[in-house]
Amino acid sequence: MSVLIVIDAANGSIKKSAFEALSYGADLAAKLGVNAVGLSLGKTKGDLSALGQYGVNKFIQINADQLPSDDPSVLAAMVSEMVSREQSSVVVFSHSLSGKAIAPLVSAKSKAGLVTGVVGLPITENGFVVKRSVFSGKAFAHVRIDSALKLISVNPNSYKVNTGGAAATVESVTLSAAAPRINVIDKQNSTNELLLTEAETVVSAGRGLKGPENWGMIEELAKVMGAATACSRPVADAHWRPHNEHVGQTGIAIAPTLYIAIGISGAIQHLAGVNRSKVIVVINKDPEAPFFKAADYGIVGDAFEVVPALTAAVKKLKGV
Ligand SMILES: Cc1cc2nc3c(=O)[nH]c(=O)nc-3n(C[C@H](O)[C@H](O)[C@H](O)COP(=O)(O)OP(=O)(O)OC[C@H]3O[C@@H](n4cnc5c(N)ncnc54)[C@H](O)[C@@H]3O)c2cc1C
């Protein structure tokens, strides 16, 4: 028996969300008294045995030649095959773009209960009950999974990353992959150098910036901080910034370690997409702006004075 943990990788690099999922899956496996097995559906660089530090006993890499397209149904079929092979009772995904695409297909194929956006280990004393975040992080629900195979996707930034586990055994597996039904023929990178959903730090700005011509200072601050840029919805609607930067209820939901909100009022629909950030810093000239209520640190001041001063201070600190 095992807990199977499907990890995210991009361009060969394993993502931070994968370390959280591996740690979650390893702790769950220890709780259930079964093996923890990591599974990569993408080519991954580096010493895979070192992933044992997160607590997994074994790590499986699907033969690189077999990794077809980005067709999630092909990848889901591979996960299902690994579930049988590893006799898994639980499969853990990251609640990421790929996890969101693959997990429901595995659920449908295996008739397995799926709970998404999980934020803690299950309570197993009376059934298998997981806690998930609902209403954009405003509340939690406890959900019991009754099927034999249980599927979970773990919210980013909601589980500690383990350290100090022993080296994992690494296996390369060849599967009978189905022919993809869709093929991605072209991918275009967004203007953001960093993927918004992956960034540790996000510098975000709103209508308080007055116009698109003023974004230079936001981009400069983001650059010196190694951050991604984001914006409020009216800013994207007015085409001041591209829509892939729009965060909030109707945009992307993010959970960076540091979120800096500049000239954004803090409407509930904006907060819905950013309130899982670990630390929120608000810069607003209106001391009554609602965002200050959600902030860990606040600066009441004019963005056009504060942001250049902040950029200069970060440059000085970093010696650049
Ligand atoms: C169904 C629905 C869904 C929505 N979804 C989203 C969503 O996903 N994301 C989202 O962001 N919004 C969303 N909205 C819109 C949301 O309600 C707000 O209207 C929006 O977030 C406001 O954007 P803002 O804070 O940039 O602008 P404003 O509300 O205009 O706020 C600008 C802020 O800048 C400050 N300011 C002005 N000048 C300066 C200065 N020089 N220096 C510093 N501060 C300054 C002001 O004090 C003010 O607080 C949604 C609305 C609805 C109805």
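Things worth noting here:
- Search result, residues across the range 170-220 that are touching a helix residue (DSSP H, G or I) at 6+ places or on another chain (Cβ under 8 Å) and under 21 Å from LYS45 (Cα atoms): VAL170, VAL173, THR174, LEU175, GLU198
- Yes/no for LEU39 being under 24 Å from GLY127 (Cβ atoms) and either part of a loop (DSSP other than H, G, I, E, B) or within 23 Å of the chain's Cα centre (by Cα) (or both): no
- Residue among PRO256, PRO287 that is open to solvent by 10 Å² or more (accessible area, probe 1.4 Å) and either in a helix (DSSP H, G or I) or more than 7 Å from the ligand (Cβ to nearest atom) (or both): PRO287
- Flag for VAL91 being farther than 30 Å from ASN183 by Cβ and at pLDDT 95 or above: no
- Across the range 140-178, the number of residues qualifying as free of Cβ contacts under 8 Å to residues at least 24 places away in the same chain and open to solvent by 50 Å² or more (accessible area, probe 1.4 Å) comes to 3.
- Checking the range 3-16 against the condition returns no match, with no residue being outside any loop (DSSP other than H, G, I, E, B), of a type in the set (D, E, K, R), out of contact with any Lys or Arg (no Cβ under 7 Å at 6 or more places or on another chain) and without any contact (Cβ under 8 Å) to a residue 12 or more places away in the chain.
- Qualifying residue in the range 285-300 (condition: in contact with a helix residue (DSSP H, G or I) (Cβ under 8 Å, 6 or more places away or on another chain), among the hydrophobic types (A, V, I, L, M, F, W, C) and under 21 Å from GLU213 (Cβ atoms)): no
- Residue within the range 168-181 that is of a type outside the set (Val, Ile, Thr) and more than 29 Å from VAL56 (Cβ to Cβ) present: yes
The values are calculated or read from the model by the stated rules, or taken from the named source; none is laboratory data. Bear in mind the structure is a predicted one, so any value in this text is a computation, not a measurement. Here the Cβ is made from the backbone with ideal geometry for all residues, glycine too, and neighbour counts use every protein chain on show. Just so you know, the surface numbers come from the protein's heavy atoms only, side chains and all, with ligands and any DNA or RNA stripped out. Shrake-Rupley method; radii C 1.70, N 1.55, O 1.52, S 1.80 Å.
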